[in-house]
Protein chains: 2
Amino acid sequence: MTRGGPERLLFPGSVIATAFALFAAQAVADPLPSWNDGPTKRAIVEFVAQVSSPDSSNYVPPAERIAVFDNDGTLWAEQPLYVQIAFALDRVRALAPEHPEWKSTQPFKAVLEGDLETALSKTENGAAEIVMATHTGMTAAEFSAIAADWLGTARHPTTGRRYTEMVYQPMLELLAYLRANDFKTYITSGGGIAFLRAFAQNVYGIPPEQVIGSSTRTRYEYRDGNPVLIRLPETNYYNDKEGKPIAINQHIGRRPIAAFGNSDGDLQMLQWTCAGDGERFCLYVHHTDADREWAYDRESPIGRLDKGLDQAQAEGWTVVDMKIDWNVVFSGKQD
Amino acid sequence: MTRGGPERLLFPGSVIATAFALFAAQAVADPLPSWNDGPTKRAIVEFVAQVSSPDSSNYVPPAERIAVFDNDGTLWAEQPLYVQIAFALDRVRALAPEHPEWKSTQPFKAVLEGDLETALSKTENGAAEIVMATHTGMTAAEFSAIAADWLGTARHPTTGRRYTEMVYQPMLELLAYLRANDFKTYITSGGGIAFLRAFAQNVYGIPPEQVIGSSTRTRYEYRDGNPVLIRLPETNYYNDKEGKPIAINQHIGRRPIAAFGNSDGDLQMLQWTCAGDGERFCLYVHHTDADREWAYDRESPIGRLDKGLDQAQAEGWTVVDMKIDWNVVFSGKQD
């Protein structure tokens, strides 16, 4: 009737494996030093132990250890506006001399006059026009260089830090911890795939082939005898909400076992991930720290977390309380 | 003036590295035993040595060693018709009881009457209708199971072998050889991405996230309380010709350093790959062996190799002469 005698009944293998992994992890060195001890950190460590300990009944082979991360608001700050929008606005200013017509055409006129509220107020549309005008027409390689250059010099409007220093240190540790346990870490963002790839390797250690994002169409053509890919001002894919699980299936071809987000735009990705068989992990980063970062959720136009927060509570997903769970927020040197 | 003395002038590091790699490879064990000695095999081995020897001036870091392979006619046989079309035809027969209207509707009527010429004669259209009717309407998971089941039992119409035994043994060795040298190997096929993923891992050792193919759109919805992806009868992407470099950029985000194809449908992928900086390798499999496989090129409706053959000669790309270069063709047990 029993397969392992009384000890096995008292201590099932998975519990022993988890306990040992927890002990071993703490005995060696804390892989998540920016995470305060508490139920959030324990849930992460226990999940990783469960799926990566060969003796665990919830063991998952390394090839299937896929973890997907939203970017804006999950891996780096998204307030007071998405970094890619800040990039697009700077590009409007930089390209203005080549576009005299922008002086009298909205939303460009408003950008050049410093009136961001007007520029972005027809919200989606104004922003979309600005993105298309500044993100297309060049080759894919040219765009990558432009984005990388900007990221190397631009500064956040309120903190004065580089954007790449406004990455969440606890999430960098989490990415590294998962990879150390043979997870493959992916970004799946509503942001542009080419923009993300301009920094994902250096900042997150995530290679271009593990970045999924929104995209414009491209055209293959010859210029000066060489084949190039030209970025066209047409949407190819919008990677948000239902678009996330669809793109994950298209790009990865397997269902992740762990998903990390911060807004309602990530909800379907978390639903899809945690509806799979076996041990799963879904986590929302909840922005609760107005002192060190920003505090926002159900009412925020950027990164709204409303339905997601309800479903997280109903499903028992892990919710990071930034103020309580993180002892450090940003990766850059602290002031 | 010189950095390494007279020996270095006589024997540049890259030549020594290549010679040593060639010697070492042969002294240990031939990783490409199904390839006859000759210029084709030497070109492959020399390229791999050049990019993977740290001392070589053409060294490429492992992360950038991306190799892309067409599937039909490059990794497995595509005559007398694409395997996926054979699958679709079998599905029409299997699903006919649920579709009484097919008895009187083309192209299904012709399939059920065994008149494949008529069924496929409005070529693209007939085939496309048959594929859409048999590949959509179910969930992504259901389709994967259907495809895997079929591949486990179906037999090729003229050889009687399983399709998965009509894989080219020399190409399997090439895939393994590249991976042993830290290449990441991708499939990029005009075939359906979900169909390819049903066998790519088992047959080629290529995981789902390294498969790029044509696709239908999918819809995210809830069925019986669970989120599913439903395959829709609408084309999402046709991964052929210009579509191949575009999809490679979308999916991988870096330019491959090696590309392998067999038809004009692969031409833009080879152009794009070999137009990159540094050492590159482009190879066409030329079907020249009517005895062991099929002989076809410029006039074939399936796998036409015409412009590609001209450009391969003009650019000095490697062309496999199947009859001369391969001492074994298929991976399955030989008759």
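The values are calculated or read from the model by the stated rules, or taken from the named source; none is laboratory data. All values derive from a computational prediction rather than experimental measurement. Every residue, glycine as well, gets a Cβ built from its backbone with ideal geometry; the counts of neighbours run over all protein chains shown. Keep in mind that these areas ignore ligands, DNA and RNA; they rest on the heavy atoms of the full protein, side chains included. Shrake-Rupley method; radii C 1.70, N 1.55, O 1.52, S 1.80 Å.
Sort out which residues of the stretch B:288-302 are crowded, with 19+ Cβ neighbours inside 10 Å and either among the aromatic types (Phe, Trp, Tyr) or closer than 19 Å to B:Lys241 by Cβ (or both), and write them in order of number.
Matches in the stretch B:288-302: B:Trp294, B:Tyr296.
Could you list, in sequence order, all residues of the stretch B:185-223 that are among the charged types (D, E, K, R) and either more than 9 Å from chain A (Cβ to nearest Cβ) or touching a helix residue (DSSP H, G or I) at 6+ places or on another chain (Cβ under 6 Å) (or both)?
Listed by number, the residues that qualify are B:Arg197, B:Arg223.
Restricting attention to the stretch A:51-76, report how many residues are in contact with a Lys or Arg (Cβ under 9 Å, 6 or more places away or on another chain), among the small types (Gly, Ala, Ser) and away from chain B (no Cβ under 14 Å).
The total comes to 1.
Which residue out of B:Leu305, B:Leu283 is crowded, with 20+ Cβ neighbours inside 10 Å, more than 14 Å from every other protein chain (Cβ to nearest Cβ), modelled with pLDDT of 95 or more and assigned to a loop (DSSP other than H, G, I, E, B)?
Just one listed residue meets the conditions, B:Leu305.
Just one of the numbered conditions (1) over 26 Å from the mean Cα position of the chain (by Cα); (2) crowded, with 17+ Cβ neighbours inside 10 Å is not true of B:Leu120; which one?
(1)
Sort out which residues of the stretch A:202-238 are surrounded by 14 or more Cβ atoms within 10 Å (Cβ to Cβ) and of a type in the set (Val, Ile, Thr), and write them in order of number.
Once the filter is applied, which keeps residues that are surrounded by 14 or more Cβ atoms within 10 Å (Cβ to Cβ) and of a type in the set (Val, Ile, Thr), the stretch A:202-238 yields A:Val203, A:Ile206, A:Val211, A:Ile212, A:Thr216, A:Thr218, A:Val228, A:Ile230.
Taking the stretch B:185-201 only, how many residues are under 10 Å from the mean Cα position of the chain (by Cα) and open to solvent by 20 Å² or more (accessible area, probe 1.4 Å)?
1
Given the conditions (1) modelled with pLDDT of 95 or more; (2) farther than 20 Å from A:Val320 by Cβ; (3) surrounded by fewer than 24 Cβ atoms within 10 Å (Cβ to Cβ); (4) more than 9 Å from chain B (Cβ to nearest Cβ), which single one is not true for A:Lys241?
(4)
Being open to solvent by less than 20 Å² (accessible area, probe 1.4 Å), away from every other protein chain (no Cβ under 12 Å), closer than 26 Å to B:Pro80 by Cα and in contact with a Leu (Cβ under 6 Å, 6 or more places away or on another chain) is the requirement here; does B:Phe330 meet it?
Against the criterion (open to solvent by less than 20 Å² (accessible area, probe 1.4 Å), away from every other protein chain (no Cβ under 12 Å), closer than 26 Å to B:Pro80 by Cα and in contact with a Leu (Cβ under 6 Å, 6 or more places away or on another chain)), B:Phe330 does not qualify.
Looking at A:Ser57, A:Ser34, can you tell me which residue is buried (at least 19 other Cβ atoms within 10 Å of the Cβ) and modelled with pLDDT of 95 or more?
Criteria check complete, one pass: A:Ser34.
Condition (residue is within 11 Å of chain A (Cβ to nearest Cβ), surrounded by fewer than 19 Cβ atoms within 10 Å (Cβ to Cβ) and touching a Pro at 6+ places or on another chain (Cβ under 7 Å)) applied to the stretch B:168-184: is it met by at least one residue?
No: zero hits.
Residues in the stretch B:252-274 that are within 22 Å of B:Tyr82 (Cα to Cα) and facing another protein chain (nearest Cβ under 9 Å): how many?
The qualifying residues number 1.
Is there a residue being outside any helix (DSSP H, G or I), in contact (Cβ under 8 Å) with a residue 40 or more places away in the chain and closer than 27 Å to B:Gln271 by Cα anywhere in the stretch B:40-51?
no
Residue under question is B:Asn249, and the condition is that it be modelled with pLDDT of 95 or more and either within 14 Å of another protein chain (Cβ to nearest Cβ) or surrounded by fewer than 20 Cβ atoms within 10 Å (Cβ to Cβ) (or both); does it hold?
It is true that B:Asn249 is modelled with pLDDT of 95 or more and either within 14 Å of another protein chain (Cβ to nearest Cβ) or surrounded by fewer than 20 Cβ atoms within 10 Å (Cβ to Cβ) (or both).
For B:Asp277, state whether it is open to solvent by 40 Å² or more (accessible area, probe 1.4 Å), closer than 19 Å to B:Ala140 by Cβ and more than 10 Å from chain A (Cβ to nearest Cβ).
Answer is no for this residue.
Output yes when any residue across the stretch A:113-129 is in a helix (DSSP H, G or I) and at pLDDT 95 or above, and no when none is.
No, the stretch A:113-129 contains no residue that is in a helix (DSSP H, G or I) and at pLDDT 95 or above.
Matching residues to (1) under 22 Å from B:Pro208 (Cβ atoms); (2) touching a Leu at 6+ places or on another chain (Cβ under 9 Å):
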{"residue": "B:Pro227", "(1), (2)": "yes, no"}
{"residue": "B:Lys241", "(1), (2)": "no, yes"}
{"residue": "B:Ala247", "(1), (2)": "yes, no"}
{"residue": "B:Met269", "(1), (2)": "yes, no"}
{"residue": "B:Gly276", "(1), (2)": "no, no"}
{"residue": "B:Leu283", "(1), (2)": "no, yes"}
{"residue": "B:His287", "(1), (2)": "no, yes"}
